[in-house]
Amino acid sequence: MVGPGRESFDRVRSQVREDFRADPFLPYVMVAATLLTSFWFFHRLPNFATRDEKDRLIDAMVPYGRVLADPSVESLQNGVTWSRVPFGATLYLFALAMLPVVVVALVTGRGDIFTSIGYPNPAFGYYNLWTGTPGWVWTWSLAFVRLFNVAFAVGSVYLTYRLGTAVVDRLTGRLAATVLTLTFGFLTIAHEGGEDMPALFFVLLALNFLYVYVRSGERLPFYVGAACGGAAIAFKLTAAPVILAVGVAHLLRALKTEDTLRTLLAPRLLVIGAAVGLVTILVGFPTFVMGGFDQIVARIFGGSTSRMSWPTGPDAPITWWFLRGYFSGLGLPLFFASVAGVLASVAGLRKRRESRYGIALVLVVLGLYVGLFSQWHDFRVHHLLPTFPLLALLVANALRDLREWNPAVARPVMALLLVTTAIYAGMGTVGFASMPRDEAEEWLVENADEDATVEVYRVNLQDTAVPRQMDINHRFETRAETNPCPEYIQLGYRDLLYLKPGTYYRNGESQREYIRSLVEEETDYQIVAEFGERPPNFVPQRATPGDYTDLLRYGVVPQTDQFADEQELRANQYTLVLQRTERCTSPHGHPF
């Protein structure tokens, strides 16, 4: 590492050391962040926290397998470009996390684990690959992936501290880092592998460097900020607002100088910055490096643009989706504090103080993200993740101003906010230690016979609670492959949605009647085990789309139901196990 790269690294290292020396509270904040983000990080192993976690890991397994089976550039190209969707830098991250597992397999003479993968069958969430690969491969690969995610989460807490400290002061940075650490939506995403947390880390890194440029006018931080923004986009395309953040930082720098016009017209700076960002994005996509422009163009202008109008949830006003996500991710106290923090920070821009440039940058980036998602049909908590540290910083900024204005009022307000938010986040995080699907799997291991079969009706193994070694009937098997008389039937939250009238996705009448007959024990099966809180009359109590009062519960109870590909928490993991009570005289039928 030489030249500008070495200089940037040395400056970052010196700044980190200085922060830990100057702020005696910072180590405690970082320890708390480490403990909360890593608490029970191994939940669901060797199963998956989300479908994306599974898909990204398999995306990394296939290139390893192809290259080990046939070491050649063509094998690497085919392995990299194979995927359900050509995602970006997440492949590098997951491949790195899996590397120790691959090395152990090769050293112990088990390279066939990977060479036999080929191009796996996606049926039932790559079920055959999951059961055919030794459990330790999944367990350790996922453990390393999640620990990487924890590292990015802890890094994001520090970067929030650094940004708040640079923009205002150490108290603001410390408060912002603490609030982010206690944000349940942030902690939830820290408990899964994927691209969201790495993208957030690089967004915050970009904002830190860009603010250094705003404050000092040095060109190197501008270029590094552009590169970090490109890395964020390479991980997740919804980090695109960082592109405009680079331009806004340049505008703020120009407004800060005496010769605004001359500073603003800097074509060399802007061209180099844009080139650095673009190259980082392109190199960040393995599909571009190995496959060329076609796949990256399809990814950017195909799948990503169609996501705006692609419904993955019921029709509802976009404000309903924002409130649903923020209530769930922040909790009610922190949500209202965030609204107050944004309004107070906007009002504070009128004060001609040095921090207004940094606060303006944060407000603009927050507005860009809100504007981006306001064009979508619906979205999840993980989409809102980049806004959490920005809101935390604005809350901290408002609390700092309140403390300056009236310390007697500020102290109880701070204490009340931190205590209530800590309770909400703490209850949610502790819940990872007793997840219904984990408990259902343990029950089957302890109580089911070795040759017993369990029947499930989901389309993806990640949505079930079945041990790897247990025989299973799933929807993608042929009649000849299916056990006609399964000993057990397993129902989950998604199955019970057929019982809820007006569900946007699961409305089949025959399926509804079948599920009702099972839960009412009107068949040859009866309920023998139940995990999680039973919905009233087995009907899931989701908030009515468009009903804002229904959403209040989401800001009080941390582990609530989610839609689509969001990590499924306790509510979504409710599981019923039914066992056959009569002798099997004819094949068991079902409408799925």
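Just one of (1) farther than 30 Å from residue 256 by Cβ; (2) at pLDDT below 95; (3) open to solvent by 10 Å² or more (accessible area, probe 1.4 Å) fails for residue 352. It is (1). Closer than 30 Å to residue 426 by Cβ and open to solvent by 20 Å² or more (accessible area, probe 1.4 Å), is that true of residue 478? It is false that residue 478 is closer than 30 Å to residue 426 by Cβ and open to solvent by 20 Å² or more (accessible area, probe 1.4 Å).
Where helices (runs of 4 or more DSSP H) fall entirely within segment 194-267, those with at least 3 residues that are surrounded by fewer than 17 Cβ atoms within 10 Å (Cβ to Cβ) are at 241-256, 260-264. Being open to solvent by 20 Å² or more (accessible area, probe 1.4 Å) and either touching a residue at least 60 places away in the same chain (Cβ under 8 Å) or more than 30 Å from residue 526 (Cβ to Cβ) (or both) is a description that applies to residue 459. Among the residues of segment 83-97, the one identified as at pLDDT below 90 and polar (S, T, N, Q) is 83.
The combined condition, being buried (at least 24 other Cβ atoms within 10 Å of the Cβ) and modelled with pLDDT of 95 or more, is not fulfilled by residue 447. For segment 85-141, the set of residues classified as outside any helix (DSSP H, G or I), open to solvent by less than 10 Å² (accessible area, probe 1.4 Å) and under 30 Å from residue 456 (Cα atoms) consists of 133 only. Would you confirm, using the coordinates I've provided, whether residue 321 is among the aromatic types (Phe, Trp, Tyr), surrounded by 14 or more Cβ atoms within 10 Å (Cβ to Cβ) and either under 23 Å from residue 201 (Cβ atoms) or touching a residue at least 24 places away in the same chain (Cβ under 8 Å) (or both)? Against the criterion (among the aromatic types (Phe, Trp, Tyr), surrounded by 14 or more Cβ atoms within 10 Å (Cβ to Cβ) and either under 23 Å from residue 201 (Cβ atoms) or touching a residue at least 24 places away in the same chain (Cβ under 8 Å) (or both)), residue 321 qualifies.
Candidates 402, 390: the one that is within 23 Å of the chain's Cα centre (by Cα) and either farther than 21 Å from residue 558 by Cβ or open to solvent by less than 50 Å² (accessible area, probe 1.4 Å) (or both) is 390. Those residues that are among the polar types (S, T, N, Q) and at pLDDT below 95, I need them from segment 375-405; list them, please. The one that is among the polar types (S, T, N, Q) and at pLDDT below 95: 375.
Among the residues examined, residue 150 qualifies as in contact with a helix residue (DSSP H, G or I) (Cβ under 7 Å, 6 or more places away or on another chain), closer than 30 Å to residue 465 by Cβ and in contact (Cβ under 8 Å) with a residue 40 or more places away in the chain.
A single member of 498, 525 is in contact with a strand residue (DSSP E or B) (Cβ under 7 Å, 6 or more places away or on another chain), surrounded by 21 or more Cβ atoms within 10 Å (Cβ to Cβ) and not aliphatic (A, V, I, L, M), and it is 525.
Criterion first (aromatic (Phe, Trp, Tyr), assigned to a helix (DSSP H, G or I) and either more than 17 Å from residue 338 (Cβ to Cβ) or touching a residue at least 40 places away in the same chain (Cβ under 8 Å) (or both)) does residue 432 satisfy it? Considered against the rule, which asks whether it is aromatic (Phe, Trp, Tyr), assigned to a helix (DSSP H, G or I) and either more than 17 Å from residue 338 (Cβ to Cβ) or touching a residue at least 40 places away in the same chain (Cβ under 8 Å) (or both), residue 432 comes out as yes.
Let's see how each residue does on (1) part of a helix (DSSP H, G or I); (2) of a type in the set (D, E, K, R); (3) without any contact (Cβ under 8 Å) to a residue 60 or more places away in the chain:
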position	(1), (2), (3)
365	yes, no, no
376	no, no, no
382	yes, no, no
394	yes, no, yes
397	yes, no, no
409	yes, no, yes
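Screening residue 431 with (1) over 28 Å from residue 188 (Cα atoms); (2) in contact with a Lys or Arg (Cβ under 8 Å, 6 or more places away or on another chain) gives one miss only, at (1). As for segment 146-158, it holds at least one residue that is surrounded by fewer than 24 Cβ atoms within 10 Å (Cβ to Cβ) and over 18 Å from the mean Cα position of the chain (by Cα).
On the stretch given as segment 53-106, residues that are of a type in the set (Phe, Trp, Tyr) and farther than 22 Å from residue 199 by Cα total 2.
Go through the residues of segment 31-48 one by one and say whether even a single one is charged (D, E, K, R) and either in a helix (DSSP H, G or I) or open to solvent by 10 Å² or more (accessible area, probe 1.4 Å) (or both). Checked segment 31-48: no residue is charged (D, E, K, R) and either in a helix (DSSP H, G or I) or open to solvent by 10 Å² or more (accessible area, probe 1.4 Å) (or both). The set of residues from segment 467-480 being assigned to a loop (DSSP other than H, G, I, E, B) and in contact with an Asp or Glu (Cβ under 7 Å, 6 or more places away or on another chain) comprises just one member, 467.
Annotation for segment 111-124: at least one member residue is under 23 Å from the mean Cα position of the chain (by Cα) and in contact (Cβ under 8 Å) with a residue 12 or more places away in the chain.
Restricting the first member to segment 277-289 and to residues that are within 9 Å of residue 231 (Cα to Cα), and the second to residues that are among the aliphatic types (A, V, I, L, M) and outside any helix (DSSP H, G or I), the beta-carbon pairs closer than 7 Å and six or more apart or on different chains are 284/89.
Counting just the residues of segment 357-384 that are open to solvent by less than 10 Å² (accessible area, probe 1.4 Å) and out of contact with any Ser or Thr (no Cβ under 9 Å at 6 or more places or on another chain), which one comes out farthest from residue 566 (Cα to Cα)? Here the answer is 358.
Checked against the criteria, residue 50 does not count as more than 23 Å from the chain's Cα centre (by Cα), closer than 24 Å to residue 199 by Cα and either modelled with pLDDT under 95 or among the hydrophobic types (A, V, I, L, M, F, W, C) (or both). What residue, among those in segment 333-349 that are open to solvent by less than 20 Å² (accessible area, probe 1.4 Å) and under 16 Å from residue 362 (Cα atoms), is modelled with the lowest pLDDT? Only one residue fits best here, namely 348. Restricting attention to segment 86-118, the residues that are among the polar types (S, T, N, Q) and out of contact with any helix residue (DSSP H, G or I) (no Cβ under 9 Å at 6 or more places or on another chain) add up to 1. Taken together, the residues in segment 171-203 that are charged (D, E, K, R) and out of contact with any Gly (no Cβ under 8 Å at 6 or more places or on another chain) amount to 2.
The values are calculated or read from the model by the stated rules, or taken from the named source; none is laboratory data. Note that the structure is predicted; figures quoted are calculated from it, not measured. In this analysis, Cβ positions are derived from the backbone assuming ideal geometry, glycine residues included, and neighbour counts consider all displayed protein chains. Accessible surface areas use protein heavy atoms only, side chains included; no ligands, DNA or RNA. Shrake-Rupley method; radii C 1.70, N 1.55, O 1.52, S 1.80 Å.
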